[in-house]
Amino acid sequence: MSFQEKNITASFVIFTLILGFYLARVLQMVQSESFNLTNMVRLWGIVIVLGIVVTIIGTILTHIGSGIIEAIKTGEEPVIEDIQDERDRLIDLRGTKVAYLVSSIGVFLSMLTFAFGQPALVMFSLLILSGLVAQIISDISRLVLYRRGV
């Protein structure tokens, strides 16, 4: 796996776990009738901090772990090549395009729920959800493009 693929895989796993946590907490709040502004703002803060901190730590641990495994397999010092060529930039741009598309659809649907009379809390919750889903789908598209060799 290339350096970029390792980063994307780490991001995909982390944001999938964060999405699972977010959906579980929202479902729990809805079932216990504690879906209110205070609880949701706290959850949004947790999700944002998790997204930043866990992504940094997860990426570092992924590279350390893969370096150790490579060193054990080959018996040599692992070489980290963080060089982006034209193909890497093209794949990144295509992934970003997919993320923007999914995010735009999510924003549109969020605004639509507000236009149909749902509270603003629902709209903002759907905005966070669409951002997480956009990141995950973007990571999937980037991984597929790397595997295809585009």
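The values are calculated or read from the model by the stated rules, or taken from the named source; none is laboratory data. In this text, all values refer to a predicted model and were calculated from it rather than measured experimentally. All Cβ positions, glycine included, derive from the backbone under ideal geometry; neighbour counts span all protein chains shown. Keep in mind that these areas ignore ligands, DNA and RNA; they rest on the heavy atoms of the full protein, side chains included. Shrake-Rupley method; radii C 1.70, N 1.55, O 1.52, S 1.80 Å.
Below are the figures for this structure:
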quantity	calculated
Potential lengthening between residue 89 and residue 27 on full extension [0.36 nm per residue; Cα-Cα distance subtracted]	18.5 nm
Mean Cα-pair separation over length for the chain, i.e. relative contact order, pairs under 8 Å, 6 or more apart, %	35 percent
Length gained when the stretch residue 72-residue 50 is fully extended (0.36 nm per residue, less Cα-Cα span)	4.8 nm
Cα Rg, Dmax, region 45-150, angstrom units	18.6, 63
In sequence order, calculated HN-Hα J values of region 87-103 (Karplus, 6.51, -1.76, 1.60; Hz; x Gly/Pro)	4, 4, 5, 5, 5, 5, 5, 5, x, 5, 4, 5, 4, 5, 5, 5, 5
Carbon and sulfur %, accessible surface of region 56-108 computed with the full protein complex present, 1.4 Å	65 percent
Rounded accessible area of residue 143 (nearest 10 Å², 1.4 Å probe)	40 Å²
Debye, to nearest 20: dipole size of the chain, +1 on Lys, Arg Cβ, -1 on Asp, Glu Cβ	520 debye
Accessible area (Å², 1.4 Å probe, nearest 10) - residue 76	130 Å²
Net length gained if the chain between residue 100 and residue 150 were fully extended (0.36 nm per residue, minus Cα distance)	16.0 nm
FRET efficiency estimate (nearest 0.05) - Cβ-Cβ, residue 114 to residue 64, R0 41 angstrom	0.40
Probe 1.4 Å, protein heavy atoms only - accessible area per residue of the chain in square angstrom	63 Å²
Theoretical ellipticity at 222 nm over the chain - DSSP helices of four or more residues, -39500 (n - 2.57) apiece, nearest 500	-30500 deg cm²/dmol
Over region 94-150, equivalent-ellipsoid semi-axes from the Cα gyration tensor in Å	29, 9, 5
Dipole magnitude of region 21-81 about its Cα centre (Cβ charges: Lys, Arg +1; Asp, Glu -1), debye to nearest 20	400 debye
